[in-house]
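The values are calculated or read from the model by the stated rules, or taken from the named source; none is laboratory data. Note that the coordinates shown come from a computational prediction; the quantities given were computed from them, not determined experimentally. All Cβ positions, glycine included, derive from the backbone under ideal geometry; neighbour counts span all protein chains shown.
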Amino acid sequence: MTEKNITCEIVRPIAVLSENERGYTKEINLVSWSGADPKYDIRNWHPGREKCGKGITLTEEEARTLMDALKEVFGDGE
């Protein structure tokens, strides 16, 4: 995907969190934006990943902090 000279490479797909009736998906992926180091990325994607909506990127440290916080809320799942 390229838009306004910004490039996007999904280095590693992680999970589709949801899909709406029009086929848009909310995903978490490891993404490199414009050749930068990959970050964890949560955003909506157009079917076929031709376009994407606004989202949030997290460093590994931020993703681990989020994971720890969610474990406190939901438990470890065990």
Scanning the range 19-65 for residues that are out of contact with any Gly (no Cβ under 9 Å at 6 or more places or on another chain), under 14 Å from Cys8 (Cβ atoms) and small (Gly, Ala, Ser) gives Ser32, Ser34, Gly35, Ala36, Gly53, Gly55
Discussion item. Scan the range 45-57 and tell me whether some residue there is assigned to a strand (DSSP E or B), surrounded by 11 or more Cβ atoms within 10 Å (Cβ to Cβ) and charged (D, E, K, R).
Written reply: no
By residue number, the members of the range 10-40 that are of a type in the set (D, E, K, R), touching a residue at least 24 places away in the same chain (Cβ under 8 Å) and not in a loop (DSSP other than H, G, I, E, B) are Arg12
Of those in the range 19-44 that are surrounded by 12 or more Cβ atoms within 10 Å (Cβ to Cβ) and charged (D, E, K, R), the residue farthest from the chain's Cα centre (by Cα) is Glu19
Residue hits (the range 26-66; at pLDDT 95 or above and more than 17 Å from Thr7 (Cα to Cα)) are Lys26, Glu27, Ile28, Leu58, Thr59, Glu60, Glu61, Glu62, Ala63, Arg64, Thr65, Leu66
The condition of being among the small types (Gly, Ala, Ser) and either at negative phi or in contact with a helix residue (DSSP H, G or I) (Cβ under 9 Å, 6 or more places away or on another chain) (or both) holds, among Gly35, Gly23, Gly48, Gly75, only for Gly23
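Here is a list: Leu70, Leu58. Which entry is of a type in the set (A, V, I, L, M) and without any contact (Cβ under 8 Å) to a residue 12 or more places away in the chain?
Values: Leu58 fails: without any contact (Cβ under 8 Å) to a residue 12 or more places away in the chain.
Result: Leu70 is the single residue among Leu70, Leu58 that is of a type in the set (A, V, I, L, M) and without any contact (Cβ under 8 Å) to a residue 12 or more places away in the chain.
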